[in-house]
1. Suppose a student asked you for the relative contact order of region 88-154, using Cα pairs under 8 Å spaced at least 6 residues apart; what percent would you report?
2. Count the lysine pairs in region 16-331 whose Cα atoms lie under 28 Å apart, taking only pairs 8 or more positions apart in sequence or on different chains.
3. Taking 0.36 nm per intervening residue step and subtracting the Cα-Cα distance, what contour gain separates THR420 from LEU228 on full extension?
4. Please give the contour-minus-distance gain from THR69 to ARG216: 0.36 nm per residue of separation, less the Cα-Cα distance, rounded to one decimal in nm.
5. In whole Å, what three semi-axes, largest first, describe the equivalent ellipsoid of region 23-113 built from its Cα gyration tensor (square root of 5 times each eigenvalue)?
6. What order do you get for MET198, MET295 when you list them from fewest to most C-beta neighbours inside 10 Å?
7. So if we plug the beta-carbon distance of ASN6 and LEU334 into 1/(1 + (r/R0)^6) with R0 = 41 Å, what FRET efficiency do we get, rounded to 0.05?
8. For ASP275 paired with ALA209, estimate the spin-label separation in nm (one decimal), with each label point 7 Å from Cα along the Cα-to-Cβ line.
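Derivation of every value follows stated rules applied to the coordinates shown; laboratory data play no part. Remember, predicted model here, so these are calculated numbers, not experimental data. Positions of Cβ are backbone-derived with ideal geometry, glycine not excepted, and every protein chain shown enters the neighbour counts.
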Amino acid sequence: MSLSTNPYKGARDFYPEDKRLQKYLFSVMRRVAESYGYEEYDAPILEPTELFLSKGNEEIINEQTYTFTDRGGRSVTMRTEMTPSVSRMVAGRRQELSYPLRWYSIPNMWRYERTQRGRLREFWQLNVDIFGVDSLAADLEIIQVADAIMRTYGAKPDMYKIRLNSRQLIDFMLKDYLHLNQTEAETLIRLIDRKDKMEPSAFAVQLEAVLSPAERDNGTAQRIMELLEAKSIADLPHDLRQHPSVLELQALAQMLQDTGITNASFDITLMRGFDYYTGTVFEVFDTAPENNRAMFGGGRYDGLIGVFGVEPVPTVGFGMGDVTLQNFLESHGLLPHLRTETDLYAVLVGDNIFDKAQSIFASLRGQGVNLAIDTSGRKIDKQLKAADRKNIPFALFIGESELASQQFKLKNLKTGEESTHGLDRIVSVVKDRRGRPLKNGEDLDL
């Protein structure tokens, strides 16, 4: 029986062209995050299972994690998100760190779930968090970073919308306004979080199942359905509109508008299923009909660091997964054509040239040229075809006469144009192409 060439279900192989795209996605994330003063960190992919159980979604812990017992008898879990790990790290040096902290990471994650468009079992996720700011300035900045990343990829405001809500408002609405108990409220949050993925009739049936017979009789289900129909804060009942969290949401919406983010709006159905959120929550939603879904989101979680036995630290952050991001860029035609990292392909003409040309290779690489050398001994036309298939832009011919004269023939493999130059000029030509703006149909350098 032969072995399968397929990767593990829900994971991906990254061939060079795939890795090139990943590098591009990550380079934009890093560039934007660092432009706002965020510093990169990382943590182990394995954590003690208790870390996720301490403040996590039980469904995710019990059904969607890769959890096993290691050889030391310890229960460990492959991370499904970064928030517990970064909270552990901040708690570990709570007194040593200089606040506010601005941290980001792009780790890979594992989550055991049914694979579908936008969801795989292995994925990468940008995490951006600001620690130590309890005002709306932090909420604003985090959403600004998320929006700036989208715009840097070339997205226009009408391609996505930013949905806003508050877990304080949700808790008040469910417990104080609707008088649901803790179990009912938590179950309803999970249900509403899945509402967009369900048929209306199925949602109505499950909503009835959450409520007690008395609540079904007194019209609570109808009141919930009416609340979920609210399209703006103005549509909420008076008692909800006066809650402090609503005033905060209105202030945040105005701040976003004032900074040029015009595609943010209130959404009462936005729940963000994680238990640790304590304030503002948001999601970035793709408006493309073929990919009409939430892509990523985040919010304020002021209490999570406190579970480690230290003073809580106010925190706001978000996570952006690479799979939904790539789907978004594909749907809107925003994925660039990416150039190979190799600038130059050396074609060796004659015998023993490889040994004699080592100083040439070193000189080119020393001046910043990414050089591949064909040592196959194949005919020149086959070497050129190999370079062209790899999308390498230039071929450099090196033989006895070239080594003697230090003048080398350079061939543009896209146009077929040939010219002869010294090494310094070749370096200049190669770097000029790498650095100049793209024309239509050309590929993008990383």
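1. Numbers: 58 pairs, mean separation 19.0, N = 67.
Result for region 88-154 is 28 percent.
2. The number of close lysine pairs in region 16-331 is 17.
3. Result: 62.0 nm gained on full extension.
4. Between THR69 and ARG216, full extension yields 48.5 nm more.
5. Values: eigenvalues 141, 61, 25 Å².
Sorted largest first and rounded, they come to 27, 17, 11 Å.
6. MET198, MET295
7. Numbers: r = 29 Å, r/R0 = 0.70.
Here the calculated transfer efficiency is 0.90.
8. Label-label distance for ASP275 and ALA209, simple model: 2.1 nm.
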